[in-house]
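Note sheet for the following structure.
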Amino acid sequence: MPNSKKKEPSSASKLIKGLEGVVAAQTSLSDVDGENGRLLFRGIPIGELVEKSHFEEVAYLLWYGKLPTGPELETFKDTLKAQRTLSKEAMAILKLLPTTTHPMSALRTMCSLMGSLDPRAHIVNPEESQRKAYHLTGVFPTIIAAFFRLRSGKEPVVPDMNLSHAANFLYMLNGEKPTPEMEKALDAYLILLADHGLNASTFAARVTTGTLSNLYSAVTSAVGTLSGELHGAANQYAMEMVLEIGSADRAEAYVNKLLDEKKKVMGFGHRIYKTRDPRAEAFREIAKDLCVKAGKTSWLEIAGVVEKVMMDRKKIPCNVDFFSAPVLYVLGFPPDFFTTVFAASRVAGWSAHIIEQQLDNRLIRPLAEYVGPQDAYYIPAEDRK
Ligand SMILES: CC(C)(COP(=O)(O)OP(=O)(O)OC[C@H]1O[C@@H](n2cnc3c(N)ncnc32)[C@H](O)[C@@H]1OP(=O)(O)O)[C@@H](O)C(=O)NCCC(=O)NCCS
């Protein structure tokens, strides 16, 4: 029997599971202040951006490090709009995907496809990455909305170049122009989710970029990473939970049962924010307004009970996914599309991180502590038992 001799790691290479508390990059994009429950984009509080800005301006802020002047913003918006149309080849491939494909798998596949259709995909430098960032940020809503419509047996809607990024997204999804409240709600969501320090999907994008791979590969890695339920898919499961609960009088027993069974309640908890998620707070009123206007107050009542039980029993506050779930649902997205909307926002942050990584790159290559056998030997096939 081979020996299992465990080597002591040196203090410099101590195992930290989940890399919790480990600083693995420097960034000037967003400051995630878990202690005080604050989030800043380039120094500006997220609540101020939701109130006064819009997604296009926030993407500019993340990419260029400052708020744009009027002409800079107009050029930025036009460049982004120019990417809205999905090419004939890409649309043909999207139509080939089985309707059973999870929307996040469809988005990951199409993101990778964008790389194979771009003859300059392999060129890796910050300028080229910036061009590709416009492309993916501009086209993601078109891919998502087109896949939704195809899956529902409807024709994709041609983008409207007169609408904002958020309004056009809803227009392509629902086939009709959104109300100002709907546009504001989606725009707020897109702002709030645009960046968030070194979260798992951003880390994946930076690891891929660190090898000098291109932006399409890095964003494809990020989309795949976002699709897990401990990260981006929590919004889908949070909504499915609210729908399954059905009415406020069933909520307390439902959550208690989950907690008794030591299960996670989706849309609660955060690795960094332990007191409050500022994104959830910034979204709470928007969610309330939209649900009330849509006559979906029962969801708010359910949410209120779930939140109370989580605070009373676990002292765990809700995260951004909890209140964004009913908002996305009212806007017309089915729950399994929620994470794609998250990706349509976070692609701005991923792109900014990719460029930041390229400007000061070092291959990201941590160590693994080997805990397997040391003294094994090869046994010929005929002697194996
Ligand atoms: C986000 C998350 C992965 C962060 O987790 P983390 O920092 O690794 O914390 P842990 O998973 O170790 O949880 C610490 C404790 O809180 C509990 N906890 C954390 N989130 C919980 C949740 N959503 N529901 C119930 N209990 C939860 C854990 O069970 C654990 O309790 P214990 O110490 O009694 O075992 C975790 O809160 C989670 O799984 N949340 C649900 C998924 C979600 O909403 N993700 C979106 C994040 S924006």
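The values are calculated or read from the model by the stated rules, or taken from the named source; none is laboratory data. In this text, all values refer to a predicted model and were calculated from it rather than measured experimentally. Neighbour counts run over all protein chains shown; Cβ positions are idealised from the backbone, glycine included.
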For segment 232-251, give me each residue that is buried (at least 17 other Cβ atoms within 10 Å of the Cβ) and not small (Gly, Ala, Ser).
Asn235, Gln236, Tyr237, Met239, Met241, Val242, Ile245
Kindly list the number of the only condition in (1) over 28 Å from Asp31 (Cβ atoms); (2) within 16 Å of the ligand (Cβ to nearest atom); (3) not aromatic (Phe, Trp, Tyr) that fails for Glu301.
(2)
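Farther than 24 Å from Ile355 by Cα, assigned to a helix (DSSP H, G or I) and not small (Gly, Ala, Ser): does that describe Val50? Full working, then the answer.
Numbers: farther than 24 Å from Ile355 by Cα: yes; assigned to a helix (DSSP H, G or I): yes; not small (Gly, Ala, Ser): yes.
Against the criterion (farther than 24 Å from Ile355 by Cα, assigned to a helix (DSSP H, G or I) and not small (Gly, Ala, Ser)), Val50 qualifies.
For Gly295, are the conditions met, namely being on the phi > 0 side of the Ramachandran plot and surrounded by fewer than 16 Cβ atoms within 10 Å (Cβ to Cβ)? Give the derivation first.
Working: on the phi > 0 side of the Ramachandran plot: yes; surrounded by fewer than 16 Cβ atoms within 10 Å (Cβ to Cβ): yes.
Answer is yes for this residue.
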Checked segment 262-286 for anything without any contact (Cβ under 8 Å) to a residue 60 or more places away in the chain and not acidic (Asp, Glu); matches are Lys262, Lys263, Lys264, Val265, Met266, Gly267, Phe268, Gly269, Ala280, Arg284
When (1) assigned by TED's automatic domain parsing to the domain that holds His122; (2) closer than 19 Å to Ala280 by Cβ are applied to Val207, the one that fails is (2)
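Right, Arg276: within 14 Å of the ligand (Cβ to nearest atom), surrounded by fewer than 18 Cβ atoms within 10 Å (Cβ to Cβ) and under 25 Å from Leu290 (Cα atoms) or not?
Values: within 14 Å of the ligand (Cβ to nearest atom): yes; surrounded by fewer than 18 Cβ atoms within 10 Å (Cβ to Cβ): yes; under 25 Å from Leu290 (Cα atoms): yes.
Considered against the rule, which asks whether it is within 14 Å of the ligand (Cβ to nearest atom), surrounded by fewer than 18 Cβ atoms within 10 Å (Cβ to Cβ) and under 25 Å from Leu290 (Cα atoms), Arg276 comes out as yes.
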Unmet criterion (only one of (1) near the ligand (Cβ under 9 Å from one of its atoms); (2) free of Cβ contacts under 8 Å to residues at least 40 places away in the same chain; (3) of a type outside the set (Lys, Arg)) for Ala253:
(1)
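Which ranges mark the helices (runs of 4 or more DSSP H) fully within segment 270-385 that have 2 or more residues being polar (S, T, N, Q) and either in the same structural domain as His102 (by TED's automatic domain parsing) or out of contact with any Asp or Glu (no Cβ under 8 Å at 6 or more places or on another chain) (or both)? Write out each step before concluding.
Numbers: elements: 278-293, 297-314, 320-331, 338-359.
Result: 297-314, 338-359.
This table checks each residue for (1) of a type in the set (Asp, Glu); (2) more than 15 Å from the chain's Cα centre (by Cα); (3) within 13 Å of the ligand (Cβ to nearest atom).
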site: Val223; (1), (2), (3): no, no, no
site: Leu226; (1), (2), (3): no, no, yes
site: Glu229; (1), (2), (3): yes, no, yes
site: Ile245; (1), (2), (3): no, yes, no
site: Lys257; (1), (2), (3): no, yes, yes
site: Asp260; (1), (2), (3): yes, yes, yes
site: Phe268; (1), (2), (3): no, yes, yes
site: Ala282; (1), (2), (3): no, yes, no
site: Ala287; (1), (2), (3): no, yes, no
All but one of (1) over 22 Å from Thr202 (Cα atoms); (2) at pLDDT below 95 hold for Val309; which doesn't?
(2)
Please find, within segment 65-80, the residue that is surrounded by the fewest Cβ atoms within 10 Å (Cβ to Cβ) out of those that are in contact with a helix residue (DSSP H, G or I) (Cβ under 9 Å, 6 or more places away or on another chain) and over 17 Å from Arg131 (Cα atoms).
Lys66
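Kindly indicate which of Ala238, Ala204, Ala251 is of a type in the set (A, V, I, L, M) and modelled with pLDDT under 95.
On the way: Ala204 fails: modelled with pLDDT under 95; Ala251 fails: modelled with pLDDT under 95.
Testing whether each residue is of a type in the set (A, V, I, L, M) and modelled with pLDDT under 95 leaves just Ala238.
Quick grid of which residues meet (1) of a type in the set (Lys, Arg); (2) touching a Leu at 6+ places or on another chain (Cβ under 6 Å):
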{"site": "Lys88", "(1), (2)": "yes, no"}
{"site": "Thr99", "(1), (2)": "no, no"}
{"site": "Ser112", "(1), (2)": "no, no"}
{"site": "Val124", "(1), (2)": "no, yes"}
{"site": "Ser129", "(1), (2)": "no, yes"}
{"site": "Leu150", "(1), (2)": "no, no"}
{"site": "Ser164", "(1), (2)": "no, no"}
{"site": "Asp187", "(1), (2)": "no, no"}
Go through Ala185, Ala218, Ala204 for me and flag whichever is buried (at least 21 other Cβ atoms within 10 Å of the Cβ) and free of Cβ contacts under 8 Å to residues at least 60 places away in the same chain.
Ala204
